[in-house]
Amino acid sequence: AGTLDPQVTGVLPIAIGSATKFIQYLPKEKTYIGTIQLGIRTNTDDIHGEIIQRKEWPTITKKQLEEHLNLYRGTFDQIPPKVSSVHIQGERAYKKSLRNENFQIPSKSVHISELILKKWDQTNGKIELLIKCSAGTYIRSLARDLGSTIKSEGCLYSLKRVESCGFTEKNSIS
């Protein structure tokens, strides 16, 4: 019922045989706990990519951070990462990215129904969030875009899916 990037842990419901026809009736929302690292931009929008930009992050309060997060609550347009599985002219974007091709990915509408600030570490520039979102939302893109919104850079440091298709990892969401 979806995929997980190799570095992401957590819930991935799997259906076999005739059960696959019921996947379409499962809830599409997913919930993640993720950590964003400010000050770094990579070619993959996560900490595992090649660093392409570094920039200091400003001193901001939790209240100011919440104001920045408000821009990503609800429905908005998002550009998927270059290493995503989005099709560009009949080919997956990540394949083009691996060949260092220059291409653009169009934005798409996504929805974040819950975006909860769990922890803000000003000293190390790390933001821990709980994110409940529509299928097709890229948390790596959220990290990249939030970094820009804060007038810095950002990449995804870690990510765990704690809910998918109505299945929940016990004790992860609280």
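The values are calculated or read from the model by the stated rules, or taken from the named source; none is laboratory data. Everything quoted here is computed from the prediction, not taken from an experiment. Cβ coordinates were reconstructed from backbone atoms using ideal geometry, including for glycine residues, and neighbour counts include every protein chain displayed. Side chains included, ligands, DNA and RNA excluded: accessible areas come from the protein's heavy atoms. Shrake-Rupley method; radii C 1.70, N 1.55, O 1.52, S 1.80 Å.
Each residue of the range 32-40 was assigned a 3J(HN,Hα) from its phi angle through the Karplus curve 6.51 cos²θ - 1.76 cosθ + 1.60 (θ = phi - 60°); the sequence is 10, 10, x, 10, 9, 9, 7, x, 10 Hz, with glycine and proline shown as x.
Amide H contacts of residue 42: 52, each under 5 Å away and 5 or more positions distant or on a separate chain (H built 1.01 Å from N in the peptide plane; Pro and chain starts excluded). Extending 7 Å from Cα along the Cβ direction at residue 168 and again at residue 12 yields two label points whose distance is 2.3 nm. Accessible-area rank, largest first, for 161, 92: 92, 161, with all protein chains present and a 1.4 angstrom probe.
Grab the other residues whose beta carbon is less than 14 angstrom from that of residue 2, score K and R as +1, D and E as -1, and report the net. Show your work: numbers first, answer last.
Working: positive: 28, 30, 161; negative: 5, 29, 163.
Within the 14 Å Cβ shell, the charges total 0.
Which pairs in the list 21/118; 82/170; 30/82; 62/95; 95/119; 108/160 are over 29 Å apart, alpha-carbon to alpha-carbon? Write down the numbers at each step before the final one.
Numbers: 21/118 37 Å; 82/170 33 Å; 30/82 21 Å; 62/95 39 Å; 95/119 35 Å; 108/160 23 Å.
The answer is 21/118; 82/170; 62/95; 95/119.
Per-residue Karplus couplings for the range 49-59, computed as 6.51 cos²θ - 1.76 cosθ + 1.60 with θ equal to phi - 60°, are listed in order as x, 6, 5, 10, 7, 10, 7, 4, 9, x, 6 Hz, Gly and Pro entered as x. Taking label points 7 Å from Cα along the Cα-to-Cβ direction, residue 26 and residue 114 give a separation of 1.9 nm.
From Cα pairs below 8 angstrom and at least 6 apart in sequence, can you work out the relative contact order of the chain, rounded to a whole percent? If you can, show how the numbers build up before the last one.
Numbers: 344 pairs, mean separation 67.0, N = 174.
Relative contact order for the chain comes out at 38 percent.
The share of accessible area on the range 54-170 that comes from carbon and sulfur is 48 percent, using a 1.4 angstrom probe. Average accessible surface for the chain: 56 Å² per residue, computed with a 1.4 Å probe over protein heavy atoms with every protein chain in place.
Taking 25 Å as R0, compute the FRET efficiency from the Cβ-Cβ separation of residue 85 and residue 52 and round it to 0.05. The partial results should precede the final answer.
Values: r = 21 Å, r/R0 = 0.85.
Efficiency for this residue pair is about 0.75.
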